[in-house]
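Every number here is computed from the coordinates shown, using simple stated rules; none is lab data. From a predicted model like this one, the values you see are computed outputs, not experimental measurements. Neighbour counts are summed over all protein chains in view; Cβ atoms, including those assigned to glycine, are modelled from backbone coordinates with ideal geometry.
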Amino acid sequence: MKLPIEGGIDCDLHPVPPDVPALLPYLDPYWRDQFQNRHIDRMPFTLTSYPPGTPFAVRPDWRPASGAGDLDRIRRDVLDPFKLRYAICNPLHGAIALFNEDMAAALCSAVNDWTAKELLDKEPRLRASILVPQSPELAAKEIERIAPDRRFVQVLLLAMGETPLGRRLHWPIYAAAEKHGLAICIHAGSTYRVAPTYSGWTSSRLEDYVAQSAAFEAQLLSFVAEGVFQKFPKLKVVMSESGFTWLPAWLWRTGKTWRGVRAEVPWIDRPPAEIVREHVRFTLQPVDAPAADPAALQRTLEHIGSDRLLLFSTDYPHWHFDGEDALPDGLDEDTIQKMLIDNPLDTYPRLRNPVPKKRTPAIKRGTTRKEAL
């Protein structure tokens, strides 16, 4: 189905810098010297979770010559044909997988500054996520640095990591996000520092891809069970590329178990389903629903118990739908209106307020040699 409404909001777009040399102007002199003298700038920095050569990584007609940050292509393929009001850029970059925390922080800062200058400055319809290193302390520091730029609307994390994201270790990130009115985006992907399943390492892309949904279920449970939303009552979490047809069974099972053992988690002050409906949202693509039964999708939303949870997304340039048929069949007009416009505006407070013409100057970026040492 084509978009029946103009002015929709795409909540998952994937531009990335074409290569590391494109980021060198955004690095401090110390790190620029390190990258060049140690030939780090010759590394591809692509996440193994999204290998560029796999068929589902990029639609053939959307595959760029280098990188996926070509603004003309983004306008031609997404912004113009879908008549979008905004599109949110999620720059999945290998910087987040580095073990060197200082280098990871410097490179994440460079990606964020590249995104602001090369994309947001040149196209008013684009918004972005803040790419952060895995260190919660350094991630919170980067959020504080970027937050004055209100064109950044959320913080980008991966679904698969070394520890569940609800653990208190990660709370400095959520404190900074809530303070500045930023959502938390948990996106499909892994740094593969640990096995991507609880049973161990997989042998094929098929296993890895399907296992992503189990990772999202575990992260959602962690957020609820650890009491993140009680500690940060204004926080919104967006599950991106997670699918959502698994949610009804998850809500039922979590609620059933919680009623039996809720003395263990006294901070959960109401049924988990109510907490999820208030705080958690899911991007549309990929839609894991049967195409032969369009009505099943609407029934799924009825089982979830809310039409506020879905956010429209194209997942550009990944290959999760055909051409301009960005919407699955089976959704009623009211649900489509909410998914395209109302739900994103509710999820991202910064989209509701116009960005001032005179933007706040960026704070000094990167990590200096003195800080690194």
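Given 0.36 nm per residue, what is the gain on full extension from Asp121 to Asp329 after removing their alpha carbon distance, in nm? Display every interim value, and only then the final one.
On the way: separation 208, 0.36 × 208 = 74.88 nm, distance 3.59 nm.
Length difference between fully extended and current span is 71.3 nm.
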With Cα extents along the principal axes in Å defined as stated, name the option among (1) 68, 54, 38; (2) 56, 49, 48; (3) 65, 54, 45 computed from the structure displayed. (2)
Entries in Lys231/Lys338; Lys179/Lys338; Lys2/Lys338 that, when Cα-Cα distance is taken, lie over 20 Å: Lys231/Lys338; Lys179/Lys338
Given a Förster radius of 35 Å and the C-beta distance between Lys234 and Asp70 as r, what FRET efficiency does 1/(1 + (r/R0)^6) yield to the nearest 0.05? 0.45
Which of the listed residues, Ser129, Ile336, Pro290, is farthest toward the dipole's positive end in the chain, when Lys, Arg count +1 and Asp, Glu count -1 at the beta-carbon? Ser129
Any trypsin sites (Lys or Arg not before Pro) in region 206-308 that lie in a DSSP loop and have at most 13 other Cβ atoms within 10 Å would be Lys234
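What is the dipole size for the chain, taken about its Cα centre, with +1 at each Lys and Arg Cβ and -1 at each Asp and Glu Cβ, in debye to the nearest 20?
Numbers: 46 positive and 48 negative charges, 265 e Å.
Dipole about the Cα centre, nearest 20: 1280 debye.
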Lys/Arg +1, Asp/Glu -1 at C-beta; the chain dipole; positive extreme among Pro172, Phe152, Gly8: Pro172
Please sort through the DSSP H helices of the chain and keep those with an alpha-carbon extent of at least 20 Å along the long axis and a Kyte-Doolittle average not below -0.5. 101-115, 205-225, 247-261
Go through Gly181, Pro196, Gln219 and say which Cα lies farthest out towards the positive end of the charge dipole of region 144-225; charges sit on Cβ, +1 for Lys and Arg, -1 for Asp and Glu. Gly181
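Under the 0.36 nm per residue contour assumption, what length would be gained going from the current alpha-carbon distance of Met43 and Arg253 to full extension?
Numbers: separation 210, 0.36 × 210 = 75.60 nm, distance 4.44 nm.
Contour length minus the Cα-Cα distance gives 71.2 nm.
If we count every other residue with Cβ under 11 angstrom of Ser306's Cβ, Lys/Arg +1 and Asp/Glu -1, where does the sum land? Provide the component values of the computation, followed by the final result.
Working: positive: Arg277, Arg281, Arg308, Lys338; negative: Glu274, Glu278, Glu302, Asp307.
Net charge around Ser306: 0.
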What distance in nm separates the two pseudo spin-label positions at Glu101 and Asp19, each 7 Å out from Cα along the beta-carbon direction? 3.2 nm
Theoretical gain in end-to-end length, Lys83 to Arg63 [0.36 nm per residue, Cα-Cα removed]: 5.1 nm
Cα-projected label distance for Val265 with Gln337, points at 7 Å along beta-carbon direction, nm: 3.5 nm
